[in-house]
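Every number here is computed from the coordinates shown, using simple stated rules; none is lab data. Predicted model, so just to flag it, every value in this text is computed and none were measured. Here the Cβ positions follow ideal geometry from the backbone for every residue, glycine too, while neighbour counts run over all protein chains shown.
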Amino acid sequence: MKRVIALLMENQPGALSRVVGLFSQRGYNIETLVVAPTNDATLSRLTMSTEGDEKVVEQITKQLDKLIDVVMVTNLSESEFVERELMLIKFTKDSFPENVFDESNIVSKNNKIINVQVVGTSSELDKLISEIDTNNPVEIVRSGSLGISSDEKTLTIEN
Amino acid sequence: MDKSNKSGAEALIHSLHLEGVDLMFGYPGGAALHIYDAIFNQNYVDHILVRHEQGAVHAADGYARATGKPGVALVTSGPGATNAITGLATAYMDSTPIVVISGQVKSNLIGTDSFQETDMIGVSRPIVKHSFLVQRAEDIPDIVKKAFHIATTGRKGPVVIDIPKDFTDPEYKFEFNYPTEVNMRSYNPPEGADTSRIKEAADLIATAKRPVIYSGGGVNQNNASEELTALAKLLNFPVTNTLMGLGAFPGSDPQFMGMLGMHGTYQANMAMHNADLIIAVGARFDDRITNDPNQFALSAKKIHIDVDPASVSKIIHADIPIVGSAKESLTALIEELKSRDLKTNESDISEWNEQIKNWRDAHGLNHSLLEMGAQNGKILPQQVIQSLYKETNGEAFVTSDVGQHQMFAAQYYHFDKPRQWINSGGLGTMGFGLPSAMGVQLAYPESIVSCVTGEGSIQMCIQELSTCLQYGLPIKIINLNNAALGMVKQWQDMQYGGRHSSSTYENSLPDFVALTESYGHVGIKVSKFDELESAMKECISLKDKLVFLDVDVDPNEHVYPMLEAGNAMDHMRLSKDEKTW
C-alpha cells in the first residue's frame, strides 16, 4: 500500500542527504520525493511516498524523527488527507489527443509541440497515462506527490 | 568566563576544556596543524599521540565506556578522517558518546579534489549520531556545545565536527563566548521516566510465572545497574545480560543466568524461550539474541524499556513499550511495585528458578576447568580466562577484540560491575582491544586493565604498543594464541566441511615475546599448562609494565553453546557432538 510521509527539517546543508541516505541505509524504497523551502525560511518541507506495511512505515517515521535535522514527521496516510501531483506532458502537434485535453491544460504551444499540464492524484495521473499511451507523448514529467491533512491537523511549528 | 579574543583553534580547545575534557587522543596532519599548535600552548587538555587514527577513536571510545564521560579524538583530513571511520562505526553500533574532530582542507578548496581532501561528513554520515561542518570560525563554540549535548543524551552516540583549516587560522581572532545551554528545536530526546504504562507493566509482573529480566548495554550506558539489580532482587526474577550488558547485574550472583544469545548459556537461552514475561531493559532484540525472530519467545509478553523509540517494536513487538531513561523508568517501576505491596506468584517463581537451576546443572558452563589441569596435554582457552579471573580477583577491567577469545572472556570472567567489560559487540571490530584498553588505563591509572585478545585481532592495532611505551600504560595483554582465526575456523569446521580457507597463517606468526620486547615491554610465553598460573601471577604482579602474555591454547576448541541459525532460542549446539534438538 502506498503511504505518504511528510516532514519538516532544518533548511541547512547536509539535511537532505541525511534523509535520503537513511532510506538507502535501512533498505527502504522511496517512490517519490519532493522538497522545497517553507514560508518559514529556516525550514524545508519534504514529502515522500513509499510502499510498505504499517510496521515498516512506523520504523521509517521513527528513524526519520531520530535524525537531528528533522524537526517533525507525520504519516499523512494514517488519516484522511489530500494528495496531489503535477504532471507535464509534451506532444507533437500531430499526436495531440484533442478529445482528452482542453485549452485550459495547454501551457505552451507552437507549430510543432504542445505541452500540457495536469494536476491530480497519483493514481489519476497513472490512469491518464495509460489512456493516452497510444498517442505517443514525447515526454512525461511528474512532480511526485504533495500531501496535506484533510482535518485541522497541520505540520507546522510555532515560532 | 574567559571572553578574550581567540582563534578558531584556541576556541575549539577552550570549548573542550569547558566541556570537562582533560584528555584527547589524536594524530596530527596538515589540516589539523593550527589546532595542534593551540594544544601546545595550553595546559588544560592532554593529548595522547596514537600510532594510527583508528587507535585514537577506539581509545576515546574505551575511555567513554569505562568512565561514562565523552571521549574525544582529533584527526587530520583525508586519510586521517578515513582511518577514523572504523572507530566511528564501532562507537555508533554500541551507542558510545564520543566526539571526533577532523581537520578539513580550506573552505575554498572543498570540492576541488585537493590534497588530503575527503568528504568526511558524507563518508561518516551513516555511522554517526550527527555531524557538523563548520562554516565560520565564530560558530565553533556553539557547535562544540551542541556536539557534546547530542553525543551524551538520549541514545548516546558519536558526533563528528569537521573543521576547514581556514577556520582555525591563528591570525583570525574573535570574541569567545561559550553558550551556557543548548536549545535545539529538532532534538528533544526522552528524558526521565516514562510512567504512562508503568501500572500495566506492574500488573504483568504480578501475575508472571516464568519471568526473565533481559538487559543490555543501555543499562550500563545509563548508569542504571543499581536500579536493575534492585528490581531483580525485589522480585527474585532471574536475570540475563547481553554481551554489551554484562556487569549491569553482578555476574557472580546466583540469580544471574549468564549471557544469552548466540553463545549464551544453555539456561539463559532456555529461560528466554520458555518465559511467559520478558522485561527487556536497554536491549534491542538484535539477531545475535533472537535467532529467528518469528520463533522468538512466543509464549512471552514483552515489556520493553528503552530510551530510543525506534528500538522499541523494531524487531519484536513490545506489549508494554516504555520509552524513557532506563534508570528513571526502573525507579518508577520499583516504586509502583512497592506501593502495591506486591505479591508475585512466589511458588511459581521458586518453581521457575528451580527449573533454571536444573538447566544450569544439566548443561551450564563449567567454571572449574582450571582445577582439571591440562586437557590432552593442551591449555584450554577457557582456563586462561579463569586464571585471569582468579589472579585479578574478578576486579580487572577487561577489554577484548573479536572472535572466540571475546566469547570465552564474556562467558568465563564474571563481571560484577558495570563498565568493567569493554568490547565491540555491535560492529565486531577486530583491533578494538588494545587501543580501547589505553583509554581505560589512562582513565584509571591505578586499576588493572587487561586486554583479552587473539593472535589475529592483536595484529590489527599492534602498533599501539609504541603508544603504550610513550605514556607508560601497564596493560596486561592476554593473547589466546591458537595460531588461527578461531571463530572463522570454527564456522568452517561446522559449515564448510573443515575447509580452512584463509584462516591459518602457515607458520608466519611473529615471535610475540620478541616483538613486545622490541617495543620496550615485557613478553612472556606459555606453552604448557603447568606454567599458566605462575605466568599469569607474574604478568599481573608487574604493576608498572605492559606485559604480553602469549599463551598457546588448544587450536581445536570451539565456543559453545551456539544457537542453530534459523531456529528458536532452544536450538543450541552444546559441544561438537551434542545438540538440543
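Taking N as the residue count of the protein assembly as shown, its C-alpha radius of gyration divided by 2.2 N^0.38 Å amounts to 1.07.
A cut-off of 5 Å between modelled amide H atoms, ignoring neighbours fewer than 5 places along the same chain, links B:Met24 with B:Asp46, B:His47, B:Ile48. In segment A:27-123, Cα pairs under 8 Å separated by at least six residues give a relative contact order of 20 percent.
What does the average come to when, for each residue of peptide A:62-71, you count the partner chain Cβ atoms lying within 10 Å of its Cβ? Before the final figure, lay out the partial values.
Working: counts 7, 3, 1, 3, 10, 4, 11, 4, 2, 5.
So the per-residue partner count for this stretch is 5.
As a rough footprinting exposure proxy, the listed residues B:Met184, B:Met562 were ranked by other beta carbons within 10 Å of their own, and the order from fewest upward is B:Met184, B:Met562. The shape of chain B comes out oblate: with a ≥ b ≥ c from the C-alpha gyration tensor, a/c is at least 1.5 while a/b does not beat b/c.
In percent, rounded to a whole number, the relative contact order of chain B is 14, using alpha-carbon pairs under 8 Å and six or more apart.
Considering only B:Ile101, B:Phe132, B:Gly154, the residue lying farthest towards the positive end of the dipole of segment B:5-175 is B:Gly154, judged by Cα position with unit charges set on Cβ.
Output the pairs from A:Lys90/A:Lys127; A:Lys2/B:Lys129; B:Lys156/B:Lys302; B:Lys390/B:Lys417 with a Cα-Cα distance over 19 Å in this structure; if there are none, say none.
Working: A:Lys90/A:Lys127 17 Å; A:Lys2/B:Lys129 29 Å; B:Lys156/B:Lys302 24 Å; B:Lys390/B:Lys417 16 Å.
Pairs exceeding the cut-off: A:Lys2/B:Lys129; B:Lys156/B:Lys302.
Of the GluC sites (Glu not before Pro) found in segment B:494-554, those that fall in a DSSP loop while having at most 13 other beta-carbon atoms within 10 Å are B:Glu506. When the alpha carbon coordinates of chain A are projected onto the principal axes, the ranges are 53, 34, 32 Å, largest first.
Sorting A:Asp94, B:Asp348 from the fewest to the most surrounding beta carbons within 10 angstrom yields A:Asp94, B:Asp348.
Modelled spin-label separation between A:Asp65 and B:Ser466, with each label point placed 7 Å from Cα along the Cα-to-Cβ direction: 4.9 nm.
Give me the number: length gained by fully extending B:Asp511 to B:Asp341, i.e. 0.36 nm times residue separation minus the C-alpha to C-alpha distance, one decimal in nm. All intermediate terms of the calculation are to be shown ahead of the outcome.
Numbers: separation 170, 0.36 × 170 = 61.20 nm, distance 6.33 nm.
That pair, B:Asp511 and B:Asp341, stretches by 54.9 nm at full extension.
Given a Förster distance of 41 angstrom, what is the FRET efficiency for B:Ala565 paired with A:Ala36, based on the Cβ-Cβ distance and rounded to 0.05?
Numbers: r = 47 Å, r/R0 = 1.14.
Step by step, r from the Cβ atoms, then E = 0.30.
Under the rule a/c < 1.5 gives rounded, and otherwise a/b versus b/c splits prolate from oblate, where does segment B:1-148 land using the Cα gyration tensor? The shape class here is rounded.
How large is the charge dipole for chain B, taken about the Cα centre, if only the Cβ atoms of Lys, Arg (+1) and Asp, Glu (-1) carry charge, to the nearest 20 debye?
The dipole of chain B has a size of about 620 debye.
Only residues of segment B:418-445 count here: report those whose backbone N is under 16 Å from the spot 7 Å along Cα→Cβ of B:Asp253, or say none. Backbone N within reach: B:418-420. In the protein assembly as shown, the DSSP beta bridges split such that about 45 percent are antiparallel, to the nearest 5. The length gained on full extension between B:Ser575 and B:Tyr444, counted as 0.36 nm times the residue separation minus their Cα-Cα distance, comes to 43.3 nm.
Please give the length that would be gained between B:Ser541 and B:Gln135 if that part of the chain were fully extended, namely 0.36 nm times their separation in residues minus their C-alpha to C-alpha distance (nm, one decimal). Could you put the intermediate results ahead of the total?
On the way: separation 406, 0.36 × 406 = 146.16 nm, distance 5.21 nm.
Taking 0.36 nm per residue and subtracting the Cα distance, the gain is 141.0 nm.
Within segment A:72-159, which GluC sites (Glu not before Pro) sit in a loop by DSSP and count at most 10 neighbouring Cβ atoms inside 10 Å? Could you put the intermediate results ahead of the total?
Details: sites: A:Glu78, A:Glu80, A:Glu83, A:Glu85, A:Glu98, A:Glu103, A:Glu124, A:Glu131, A:Glu139, A:Glu152, A:Glu158; in loops: A:Glu80, A:Glu98, A:Glu152, A:Glu158.
In loop regions of segment A:72-159 (DSSP not H, G, I, E or B), the sparsely surrounded GluC sites (Glu not before Pro) are A:Glu80, A:Glu98, A:Glu152, A:Glu158.
Rounded to the nearest 20, the size of the Cβ-charge dipole of segment B:4-62 about its Cα centre is 120 debye, with Lys and Arg at +1 and Asp and Glu at -1. Taking a ≥ b ≥ c as the square roots of the Cα gyration tensor eigenvalues, with a/c under 1.5 meaning rounded and otherwise prolate when a/b beats b/c, else oblate, which class fits segment B:192-335? Since a/c stays below 1.5, the shape of segment B:192-335 is classed as rounded.
The distance linking segment B:17-69 with segment B:191-225 is 37 Å (Cα centroid to Cα centroid, whole angstrom). DSSP assigns beta bridges within chain B; of those with both partners inside it, close to 15 percent run antiparallel. Candidates B:Val323, A:Phe23, B:Ser387 compared by Cα position along the dipole of the protein assembly as shown: farthest toward the positive end lies B:Ser387, with charges placed on Cβ.
Springs join every pair of Cα atoms under 10 Å in this Gaussian network model of chain A, and among A:Gly14, A:Gly52, A:Gly120 the largest mean-square fluctuation is at A:Gly14.
Normalised by the number of residues in segment A:81-147, the average gap of Cα pairs under 8 Å and 6 or more apart makes the relative contact order 53 percent. Computed over chain B, the per-residue total of -39500 (n - 2.57) for DSSP H runs of n ≥ 4 gives a 222 nm mean residue ellipticity of -10500 deg cm²/dmol, rounded to 500. FRET efficiency for the A:Lys109 to B:Ser114 pair, using the beta carbon distance and R₀ = 56 Å, is estimated at 0.70.
In debye, nearest 20, what is the charge dipole magnitude of segment B:426-581 about its Cα centre with +1 on Lys and Arg Cβ and -1 on Asp and Glu Cβ, if you could check? Intermediate values should be presented prior to the final figure.
Values: 11 positive and 20 negative charges, 52 e Å.
I would put it at about 260 debye.
Every pair of different Cα atoms in segment A:1-95 enters the Kirkwood calculation, which places the hydrodynamic radius at 14.4 Å.
Which residue, chosen from B:Ala310, B:Ile143, B:Gly216, occupies the Cα position most advanced towards the positive end of the dipole of chain B, where the dipole is computed from +1 (Lys, Arg) and -1 (Asp, Glu) charges on Cβ about the Cα centre? Selected residue: B:Ala310.
What's the exposure ranking of B:Trp421, B:Trp359, B:Trp352, B:Trp491, going from fewest to most Cβ atoms within 10 Å? Walk me through the numbers on the way to the answer.
On the way: B:Trp421 28, B:Trp359 19, B:Trp352 23, B:Trp491 14.
Going from sparsest to densest Cβ surroundings: B:Trp491, B:Trp359, B:Trp352, B:Trp421.
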